Amino acid sequence: MLRVVSISSPALAGATLLLAGLFAGCSKPLGGAENAPAPRPQPAVEAADAGERRVVVDNFRFDPPVLTVPPGTKVTWVNRDDVPHTATSSDSPPKFRSRAIDTDETFSHVFSQPGTYPYFCAVHPKMTATVVVK
Amino acid sequence: MSDETKKQRNGGDGIDRRGFLQCMAWVGTAVVWRMGSGGVLTSSVLGAGKPEEAAGDFCFAQISDSHIGFTKEPNKDVTATLQVAIDRLNRLKTRPELVLHTGDLTHLSRPAEFDTVDQMMRGAKGGPTFYVPGEHDVFTDDGRAYLDRYGKGTKGGGWYSFDHRGVHFVGLVNVMNLKAGGLGVLGGEQLRWLEDDLKGRGSSTPIVVFAHVPLWAVYPKWGWGTEDAAQAVSLLKRFGCVSVLNGHIHQVMQKVEGNVTFHTARSTAFPQPEPGTADSPGPLKSVPAGKLKSLLGLAQVNYRENGGSLAVVDSTLE
């Protein structure tokens, strides 16, 4: 069975937007709050010692967004999302750069020098955060 | 919301109600878009298994976001679903003359993942496959593994163009050198190349542009857009028929801007939420059992020389 929808020229732009909305509506029941992250078993990560601080990557956010540490601190990122992320220095050239951090994997970097270190996720550049060393 | 409510709310817009309601009842047997020469846009909803309804002078297929290497919910076997897409492509009555893969071939840019994609796409009976990278293909090594494999004969970060049966195809790369807080980006070097590539071509030349991240602002908050896309579109505006095919957002969307029509394709791996309907663009995990394949898919594009019309048929995998 073939169903045809015809839209004449003057209404083109508006009608196209409308159709986009309709298609969005088609899959509505699968979206929304149902996508909230499910509780996940805690990964086996070694306990942090006094010189280590943790940044948790969850739901496409770095937590905490600003981490302040003394010089010499080892910062470890833990990815709790179902997709890979990175911790990549925003500076040019980058002052540190992780490999792909997949689900429940970690990456560590020791910050020796005082300074402000903005970074982001190279897969999802809208994810940004900062390590402040002082 | 009931179908009846939708019917009332959208009254007076000239849309065929039965076709519309059939669409709402199902998420994606197939949708055909035909751009006619008189500026008339025609949409058809096809029954499942009949994507070849839109005839044309020749046809090509689009596969996107295969994410080989992804192993989580809602799809722990993305190899199997890519194979379903390839099998479906191989069964089309009108054999595609080429295949476009619009990026995120792999999930983690690993050599074994690239190997799998390469071997599987060799099984597609649709002429050569042309690739552009997604951010998942380049983020660990600035694209070296991708370019080693697919960069031959391309420029810069892997962009290129070619002609097929009078249609000019342009593969653009907007996932390299991403900046903190930014969107996809083409960059000055690529835009200069594009200007040069299009120079001297008659405005009646049909153009198909393909790139991973949408070349329009679908939802910048989630990175679903390209910062300097407007500069590329301004170079394309003088052409009478331009189709822009993207992936990245794992769902079908269309937009028309003058003579430029934008389409995004479904993923063969996992669906993502509609813009703004979730906290993040992460995979939709709560797909009801048995419904996954209705949210994955591929696109078939039929080109008809007479009038330069082009129809995109988005098919799901079931």
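A short reminder: the numbers here are calculations on the coordinates, not readings from a lab. The model shown is predicted, which means the values in this text are computed figures rather than measured ones. Cβ atoms come from the backbone with ideal geometry, glycine included; neighbour counts cover every protein chain shown.
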In nm, spacing of pseudo-spin labels at B:Lys125 and B:Ala289 (7 Å Cα→C-beta vector): 3.5 nm
Segment B:76-202 shape via C-alpha gyration tensor axes, a/c threshold 1.5: oblate
Likely footprinting exposure, B:Cys241, B:Cys59, fewest C-beta neighbours within 10 Å first: B:Cys241, B:Cys59
Rotationally averaged projected area of segment B:184-253 (alpha carbon convex hull; nm²): 4.6 nm²
Summed residue charge, Cβ within 11 Å of A:Arg61's Cβ, Lys/Arg positive, Asp/Glu negative: -2
Ranked B:Arg88, A:Arg97, criterion: other C-beta atoms within 10 Å, fewest first: A:Arg97, B:Arg88
Candidate lysines - alpha carbon under 19 Å from B:Lys125, same-chain residues fewer than 8 apart omitted: B:Lys50, B:Lys93
Distant-in-sequence amide H partners of B:Ser243 (H built 1.01 Å from N, under 5 Å): B:Ile207, B:Val208, B:Val209, B:Thr261
Whole-Hz ³J(HN,Hα) from phi, Karplus 6.51 cos²θ - 1.76 cosθ + 1.60, for segment B:143-156, glycine and proline x: x, 4, 5, 5, 5, 4, 8, 10, x, 4, x, 9, 10, x
Net charge of Cβ neighbours under 13 Å - reference B:Asp87; Lys, Arg +1; Asp, Glu -1: +3
C-alpha center-to-center spacing [segment B:201-220, segment B:243-318] in angstrom: 15 Å
Pair A:Arg97, A:Asp63: separation of 7 Å Cα→Cβ label points (nm): 2.9 nm
³J(HN,Hα), Karplus 6.51/-1.76/1.60, whole Hz, each residue of segment A:111-125, x for Gly, Pro: 9, 8, 9, x, x, 10, 10, x, 8, 8, 9, 6, 8, 10, x
Summed residue charge, Cβ within 12 Å of B:Asp163's Cβ, Lys/Arg positive, Asp/Glu negative: +1
In nm, spacing of pseudo-spin labels at B:Ala217 and A:Lys74 (7 Å Cα→C-beta vector): 4.5 nm
Full-stretch length increase - B:Glu195, B:Thr71 - with 0.36 nm per residue and alpha-carbon distance subtracted: 40.6 nm
Relative contact order of segment B:87-146, pairs being alpha-carbon contacts under 8 Å that are 6 or more residues apart, as %: 45 percent
Packing-based exposure ordering (other Cβ within 10 Å, fewest first) of B:Val175, A:Val133, B:Val242: A:Val133, B:Val242, B:Val175
